[in-house]
Amino acid sequence: MRRYPLVLPLCASMLASAPLLVGCDQTVEHERKVDVKDDGTVVREEKKVTESPGGDVTRTETKSVDK
């Protein structure tokens, strides 16, 4: 019964620090490009490469055209 007051704060601190160990996605590369054409059309392109804490690499490409 003497160890109980020591074990409870130790377990609580381990559970509280778990989100810090997981982390979030890290942006490896990010490129944004905007082109305005002669007729006033705006073309936006964005490329993004992220890496998750597990090592998975995700590539995202978006393109939008505004007239």
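Values for this structure:
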item	result
Number of the exception - ARG32 against (1) under 12 Å from the mean Cα position of the chain (by Cα); (2) modelled with pLDDT of 90 or more	(1)
Residues being surrounded by 10 or more Cβ atoms within 10 Å (Cβ to Cβ) and not in a strand (DSSP E or B) - total across the range 27-42	2
Neighbours by Cβ (under 9 Å, 6+ apart or cross-chain): first from the range 44-67, of a type outside the set (D, E, K, R); second outside any strand (DSSP E or B) and surrounded by 11 or more Cβ atoms within 10 Å (Cβ to Cβ)	THR50/ASP25; SER52/ASP25; PRO53/ASP25; THR58/ASP25; THR58/SER52; VAL65/THR41
So GLY55, is it in a loop (DSSP other than H, G, I, E, B), modelled with pLDDT under 95 and either charged (D, E, K, R) or over 21 Å from the mean Cα position of the chain (by Cα) (or both)	no
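The values are calculated or read from the model by the stated rules, or taken from the named source; none is laboratory data. Since the model is a prediction, treat every value here as computed from it, not as a measurement. Cβ sites come from the backbone with ideal geometry, for glycine too, and all protein chains shown count toward neighbours.
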